[in-house]
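Engineer: Pasting a structure below so you can have a look.
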Amino acid sequence: MKLDNTAMTFGGSALTVRKADVTEKKQKTMSDAYAEHSKLVFLFDASGSMSSKVVKDKYGATFTDQFIWTPEKLNEIGTTCAAVVQKIADIAIKSAMSGDEDDEDPGLTDFERLCLRLCRENMFAEPQTPTEDEIKERIVRNDLTAEFDILPTLGKRQEPPSRIDLVKQLAKAEINARFKKFPNARVAVVAFGGNTLTLFDDGDASQVDATIDQLNENGMSLDGAYGNNRIDNGDTNIMKAVSTGMDICRRKPSAVGVHHFILVTDGGAHTTLSGWVANMKASGVVLDYIHIGDCYVNDDVKSACEATGGEFMVCNTEKDIAEKFTLAATRLCLPPAPGK
């Protein structure tokens, strides 16, 4: 049989399709394995600052519009804030000249002390006179409307959620969704403030809601007792939170060597986490950093996040927090590339 002039074409035949199918199947299987067997470790800030209200809702509308801000009240608050800032500055200058320690409360009235809270984003920051919009947002964020005699508008209104309440709601939804997709999902939940407490580690879906409900805006308590069963909510120890997460993964590691940490915090406490990057990568840790609020982003944590192949996200509104939390909880993580 002479084949010299016979056209034989294999391209586009079943052979090609079969090869693509095999490749696609292998890729899908590997992705599914990483998605199903990676360990997801939530590190939730339960410090006192997480009781702050979220100032904008899921549509981007500000909750400050739900209160009556009279020009007289805003002028009174603004004038008092400026006077308090000047008083603090004068005392600082006098103390520097005399060598005496600063007086943190130089005979302030109750109203002046309230205004001083609006002049600082935290107790350690230098006070600065806020703008009118900042006054409104800080009063709502810190739940001070009653203290300043700010009345709500008439009619139906939505109560601004606290940061920790929104995190609880999202955590329940995303962890339950993960168990629905992967019944044997590997999940751990760590609450932290000045110390840490592991709430959930390789438990089952039936325990999720009860576990997350233990978080509240005043820290977290398992049984109302103090000591080892309560989070110290006066501090934000991010280093301790990550260390606890790594200890969890050493004891009960992921079968595929991937440990996806999702750190949710509004704190900017000093850290040296970038010095742990080599160990984190060697342990297969991918760190996502979700920062709530528009100030005190921790650059050191941000660097560690990026170095491990994680995502850094800042969110200020209910919508932002929901979108970025879901994005972090559902994305596929691969082991971080080895460092040099």
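Engineer: Would you point out which residue out of Lys168, Lys180 is assigned to a helix (DSSP H, G or I), out of contact with any strand residue (DSSP E or B) (no Cβ under 7 Å at 6 or more places or on another chain) and either within 24 Å of Ala322 (Cβ to Cβ) or of a type in the set (Gly, Ala, Ser) (or both)?
Structural biologist: That would be Lys180, the only listed residue that is assigned to a helix (DSSP H, G or I), out of contact with any strand residue (DSSP E or B) (no Cβ under 7 Å at 6 or more places or on another chain) and either within 24 Å of Ala322 (Cβ to Cβ) or of a type in the set (Gly, Ala, Ser) (or both).
Engineer: Further question on the same structure: Given the condition over 27 Å from Val297 (Cα atoms), modelled with pLDDT of 85 or more, assigned to a loop (DSSP other than H, G, I, E, B) and among the polar types (S, T, N, Q), answer yes or no: does some residue in the stretch 113-134 qualify?
Structural biologist: Checked against the condition, which is being over 27 Å from Val297 (Cα atoms), modelled with pLDDT of 85 or more, assigned to a loop (DSSP other than H, G, I, E, B) and among the polar types (S, T, N, Q), the stretch 113-134 yields no hits at all.
Engineer: When you go through Val297, Val277, Val286 one by one, which is the residue that is out of contact with any helix residue (DSSP H, G or I) (no Cβ under 8 Å at 6 or more places or on another chain), in the same structural domain as Gly48 (by TED's automatic domain parsing), among the aliphatic types (A, V, I, L, M) and farther than 21 Å from Met50 by Cβ?
Structural biologist: Val286 is the lone residue from the list that is out of contact with any helix residue (DSSP H, G or I) (no Cβ under 8 Å at 6 or more places or on another chain), in the same structural domain as Gly48 (by TED's automatic domain parsing), among the aliphatic types (A, V, I, L, M) and farther than 21 Å from Met50 by Cβ.
Engineer: Please report, ordered by residue number, the helices (runs of 4 or more DSSP H) entirely within the stretch 250-340 with at least 1 residues that are aromatic (Phe, Trp, Tyr) and touching a residue at least 24 places away in the same chain (Cβ under 8 Å).
Structural biologist: 318-330
Engineer: Okay, next question. Exactly one of these conditions fails for Val258: (1) touching a Gly at 6+ places or on another chain (Cβ under 9 Å); (2) surrounded by fewer than 18 Cβ atoms within 10 Å (Cβ to Cβ); (3) among the aliphatic types (A, V, I, L, M). Give me its number.
Structural biologist: With (1) touching a Gly at 6+ places or on another chain (Cβ under 9 Å); (2) surrounded by fewer than 18 Cβ atoms within 10 Å (Cβ to Cβ); (3) among the aliphatic types (A, V, I, L, M) applied to Val258, the lone miss is (2).
Engineer: For the stretch 166-189, how many residues meet the condition of being of a type in the set (Lys, Arg) and either more than 16 Å from the chain's Cα centre (by Cα) or closer than 12 Å to His37 by Cβ (or both)?
Structural biologist: Residues that pass the stated criteria total 4.
Engineer: Something else: Give me the residue from the stretch 20-43 that is modelled with pLDDT under 80 and small (Gly, Ala, Ser) and, out of that set, nearest to Phe200 (Cα to Cα).
Structural biologist: Per the stated criteria, the residue is Ala33.
Engineer: Return the residue satisfying two criteria in turn: it lies in the stretch 184-238 and is part of a strand (DSSP E or B) and more than 22 Å from Arg250 (Cα to Cα), and of such residues it is modelled with the highest pLDDT.
Structural biologist: Step by step, filter the stretch 184-238, then rank; the result is Leu215.
Engineer: Something else about it: Just give me the residues in the stretch 33-55 being of a type in the set (A, V, I, L, M), farther than 20 Å from Thr244 by Cβ and in contact with a strand residue (DSSP E or B) (Cβ under 9 Å, 6 or more places away or on another chain), in sequence order.
Structural biologist: Scanning the stretch 33-55 gives Val54, Val55.
Engineer: Something else now. Which pairs turn up if I take residues in the stretch 185-212 that are in contact (Cβ under 8 Å) with a residue 60 or more places away in the chain and of a type in the set (D, E, K, R) and look for partners that are surrounded by 17 or more Cβ atoms within 10 Å (Cβ to Cβ) and not in a strand (DSSP E or B) with beta carbon separation below 8 Å, at least 6 apart in sequence or on another chain?
Structural biologist: Here the result reads Arg186/Ser38; Arg186/Ser254, each pair linking the stretch 185-212 to a residue that is surrounded by 17 or more Cβ atoms within 10 Å (Cβ to Cβ) and not in a strand (DSSP E or B).
The values are calculated or read from the model by the stated rules, or taken from the named source; none is laboratory data. Keep in mind it's a predicted model, so treat the numbers as computed, not measured. Positions of Cβ are backbone-derived with ideal geometry, glycine not excepted, and every protein chain shown enters the neighbour counts.
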